[in-house]
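These notes are about the structure you will find just below.
The values are calculated or read from the model by the stated rules, or taken from the named source; none is laboratory data. No experiment lies behind these values; they were computed from the predicted model shown. Reconstructed Cβ throughout: ideal geometry from the backbone, glycine too, with neighbour counts over all protein chains shown. Ligands, DNA and RNA are stripped out before the accessible areas are found, and what is left, the full protein with its side chains, is counted by its heavy atoms. Shrake-Rupley method; radii C 1.70, N 1.55, O 1.52, S 1.80 Å.
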Amino acid sequence: MNDSSTVTRILRLTRLNQVIDFFPVLVALLLALVVASILLVALNANPFDAFSSMLQGAFGTENATAETLVKATPILFVAIGITVAFRGGMINIGGEGQMIMGAIAGTTVALIFGEGNGFITITLAMIVGFIAGALYGGLAGFLKAYFDVNEILSTIMLNQIAVQMMNFLLNGVLLDPADAGINHIPKTARIAEVAQLPRLFIPIGEPAIFERTRLHYGLLIAIVLAVIIYIFLWRTAMGYRIRAVGENERASRYAGINVKRQMIFSMLLAGGFAGLAGVVQVLGLQYRLQTDGSPIGFTGNAGFNGIVAALFGGLNPIGAIPASAFFGGLLVGAQKMQRDLGVPASLITAVNGLIVVFVVSSEIFIRRRAKRRVSVESSEDNLKKTVEVKE
Amino acid sequence: MIDQIFTASVFASAIRLATPYIFAAIGETFTQRSGVLNLGVDGIMLMGGFMGFYVVHLAEKAEVLASPIGLLLGVLVALLVGALMGLAMAFISVTLQAKQGISGIGVYLFGLGFSELLFQQLIGTPQSVEGFQRIAFPFNLNQVPVIGEIFFNHNLLVYLAFALVPIAAYVLNKTTFGLMIRAVGQNPEAADAMGINVAQVRYATVIIGGMLAGLAGASLTIAVGKVFQQNVTAGIGFIAVALVYFGGWRPYHVMMGALLFSFVNALQLQIKVIGLNVPSEFATMAPYVITIIALAFASKRQEQPTALTKPFERGE
């Protein structure tokens, strides 16, 4: 019995093994921070000042924390969807477009049924938004399953198409009638008050925590859905099939799983959650669908940030919750850093890219550890068998 | 009205606009033929585009460096930046064997953010440069009606891009290096058994792809577009990757795909200019819709490198 197998045994017993699997993600973050610091120094900024300014901006005050969570909400919705997609082996970059489609559909519903029962309107809008996003994602899944179209490329194209679609509708059919004119802002009418998601606050103190902030129920819905999806992926047969296709497409096919159907299904779910992100943004925060003409005018890049958050959360919906909060903090904090130190917020986009690269690059180390674990365990079993036979 | 849409200038624009696509797509063809998918092309284009632009911008402001030297420096810097990012991408994809699709997106995000960051710090507001000018052909070929405008009215980089296509085809199909690339892309195990260093070949192709992507970005900012702004590429790099699929991994077909695409682009610009009653958003949408359709019906099954996106480790 050599030393490494004893250590492995202890690690296994104390479950530290699984915790250590998160180390690469943390190391990736550390590396990204180091590179970011180097960049900051090159920009004549003090990294400590920059980071503390970001921290202040993200969590320094009650309002700041609320804004961080507000930013985190759509990111979390998208991240949940991306997690499902990635686990199913589908790389969904279409969060932006799916979010837009969901928002268009959901806002339309909310505007049409505005004056009726609020609860029904909200639920209906969310369902329709989910379906719209799901169909948009499912389209990419279908193209992959039956036409072998690389889903990264198709979803990127679909993103651009969705932006144009939104611009077209917001400047035309969906334009707020009260604002139609030459110099109008592309936005819809405001949705009725009953259709708006209520504000979310913690009922402690007077005034209650978060009561006078923009924090809304969308966050709670997202967290609940994250838990549900976790249970779905790891405790149901459907979730198992999704993960099986993601891990080993060939083996799944031999095992009788309809791979094409799973591909489309994963993308349907992923698109649906991104669509929800869009609806919830409208119902809970802006109360209308509005853009500034730029591709991220409505989404605020939540589609891309959701991908990074999903990776950073270890492709686990529960992990996506703190990861999204972290990214919300990054975005909000970066704005303060830009105000305080003049460092452009685009640094965050670059750092996001670094995080993605580092996290994905660390997979090789996890795989090597897993291989070693398997070979050590199996050699132990072989040893035991030999001993038994001899006796 | 047809003659208003299909003017000579539209065809000329199509040729000119195809330049960045051709550079990037030919580079990516090399990369993918060896079995590596580099989705960070757009990010590399942005970085190469910015650095080339910045050098030319400085040179023109200083008026010290004679214009051709400034342009040459700009191109060299873009190539260097592209090579560096290609090297990083090669390390990530070949040595670390990271999942190639998503690592490319990471490189893209990095290039997007960093180029914008540098732009805001070093330049600030959108500017334009003189950049590459039209070449004056002998015998007044520029003035020849129709043909002259379409074919003889471009700058050096445009002609370079089109010249690259037969060179790429020759290298891929008629040289030993090209043979090694193709072998590594189709069957890395067999190539390895024959003594080809798979990792080395892939490093080479990814770096070549990076250099050409950097050059593509520079062609956009100092030759074809002559301006830099945030996200100046607007996804051209991704379309270039799609073009490789569409062109069946063959340089001439990739070039045809690029021409088709930029022709649609030039058309939709012309339609906007003459104010046809087509909503501008649909015109803008058209190239992306076409790309998806092209991807769906691409004749790729014959030539798709079998090992595309699959990392190779000896002894597996």
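Out of the residues in region A:240-257 that are of a type outside the set (Lys, Arg) and crowded, with 19+ Cβ neighbours inside 10 Å, which is farthest from A:Thr83 (Cα to Cα)? Don't jump to the end; show me each part of the working.
To start, the set of residues in region A:240-257 that are of a type outside the set (Lys, Arg) comprises A:240, A:242, A:244-249, A:251-252, A:254-257.
Add one more test, that the residue is crowded, with 19+ Cβ neighbours inside 10 Å, and what stays is A:242, A:244-246, A:252.
Working: A:Ile242: 11, A:Ala244: 14, A:Val245: 14, A:Gly246: 11, A:Ser252: 19 Å.
Out of the qualifying residues, it is A:Ser252.
Go through the residues of region B:212-225 one by one and say whether even a single one is in contact with a strand residue (DSSP E or B) (Cβ under 6 Å, 6 or more places away or on another chain) and either charged (D, E, K, R) or crowded, with 19+ Cβ neighbours inside 10 Å (or both).
Start the filter on region B:212-225 by keeping residues that are in contact with a strand residue (DSSP E or B) (Cβ under 6 Å, 6 or more places away or on another chain), which leaves B:221, B:223.
Checking the rest, the ones that are also either charged (D, E, K, R) or crowded, with 19+ Cβ neighbours inside 10 Å (or both) come to B:221, B:223.
Checking region B:212-225: at least one residue is in contact with a strand residue (DSSP E or B) (Cβ under 6 Å, 6 or more places away or on another chain) and either charged (D, E, K, R) or crowded, with 19+ Cβ neighbours inside 10 Å (or both).
Would you pick out the residues in region B:183-211 that are open to solvent by 40 Å² or more (accessible area, probe 1.4 Å) and assigned to a loop (DSSP other than H, G, I, E, B)?
B:Asn187, B:Met194, B:Gly195, B:Asn197 - these are the residues of region B:183-211 that are open to solvent by 40 Å² or more (accessible area, probe 1.4 Å) and assigned to a loop (DSSP other than H, G, I, E, B).
Is it the case, given these coordinates, that B:Met51 is under 18 Å from the mean Cα position of the chain (by Cα) and within 14 Å of chain A (Cβ to nearest Cβ)?
Values: under 18 Å from the mean Cα position of the chain (by Cα): yes; within 14 Å of chain A (Cβ to nearest Cβ): no.
In short, no.
When the residues of region A:337-348 are filtered to those that are open to solvent by 30 Å² or more (accessible area, probe 1.4 Å), part of a helix (DSSP H, G or I) and closer than 17 Å to A:Ser37 by Cα, which remaining residue is nearest to the other protein chains (Cβ to nearest Cβ)?
Among residues in region A:337-348 that are open to solvent by 30 Å² or more (accessible area, probe 1.4 Å), part of a helix (DSSP H, G or I) and closer than 17 Å to A:Ser37 by Cα, the one nearest to the other protein chains (Cβ to nearest Cβ) is A:Gln338.
Please indicate, with yes or no, whether at least one residue in region A:135-152 is more than 14 Å from chain B (Cβ to nearest Cβ) and of a type in the set (S, T, N, Q).
no
Does any residue in region A:75-93 that is at positive phi come within less than 8 Å, Cβ to Cβ, of a residue that is crowded, with 24+ Cβ neighbours inside 10 Å and not hydroxyl-bearing (Ser, Thr, Tyr) six or more places away or on a different chain, and which pairs are these?
Once the first residue is at positive phi and sits in region A:75-93, its partners that are crowded, with 24+ Cβ neighbours inside 10 Å and not hydroxyl-bearing (Ser, Thr, Tyr) give A:Gly89/A:Val245; A:Gly89/A:Met263.
A:Gly205 versus (1) at positive phi; (2) of a type outside the set (Asp, Glu); (3) open to solvent by 30 Å² or more (accessible area, probe 1.4 Å); (4) touching a residue at least 24 places away in the same chain (Cβ under 8 Å): which is the lone unmet condition?
Every condition holds for A:Gly205 apart from (4).
Output the number of residues of region A:75-95 satisfying the condition of being part of a helix (DSSP H, G or I) and open to solvent by less than 10 Å² (accessible area, probe 1.4 Å).
Taking region A:75-95 as the starting set, the residues that turn out to be part of a helix (DSSP H, G or I) are A:75-87, A:95.
Within this subset, residues satisfying the condition of being open to solvent by less than 10 Å² (accessible area, probe 1.4 Å) are A:75-85, A:95.
Qualifying residue count for the region: 12.
If you scan region A:285-332, which residues turn out to be buried (at least 24 other Cβ atoms within 10 Å of the Cβ), of a type in the set (Gly, Ala, Ser) and modelled with pLDDT of 90 or more?
Residues satisfying the conditions are A:Ala302, A:Gly303, A:Gly306, A:Ala309, A:Ala310, A:Ala320, A:Ala323, A:Ser324, A:Gly328.
Residue under question is A:Leu268, and the condition is that it be more than 22 Å from A:Gly141 (Cα to Cα), surrounded by 23 or more Cβ atoms within 10 Å (Cβ to Cβ) and either in contact (Cβ under 8 Å) with a residue 60 or more places away in the chain or at the interface with chain B (Cβ under 10 Å from one of its Cβ atoms) (or both); does it hold?
Details: more than 22 Å from A:Gly141 (Cα to Cα): no; surrounded by 23 or more Cβ atoms within 10 Å (Cβ to Cβ): yes; either in contact (Cβ under 8 Å) with a residue 60 or more places away in the chain or at the interface with chain B (Cβ under 10 Å from one of its Cβ atoms) (or both): yes.
Here the answer is no, as A:Leu268 does not meet what is asked.
Check B:Gly106 against each of (1) at pLDDT below 90; (2) at the interface with chain A (Cβ under 9 Å from one of its Cβ atoms) and name the one condition it does not meet.
That leaves (1) as the condition not met.
Tell me which residues, restricted to region A:153-170, are more than 8 Å from chain B (Cβ to nearest Cβ) and surrounded by fewer than 24 Cβ atoms within 10 Å (Cβ to Cβ).
Quick first cut of region A:153-170, residues more than 8 Å from chain B (Cβ to nearest Cβ) only: A:155, A:159, A:162-163, A:166, A:169-170.
The one that is more than 8 Å from chain B (Cβ to nearest Cβ) and surrounded by fewer than 24 Cβ atoms within 10 Å (Cβ to Cβ): A:Leu169.
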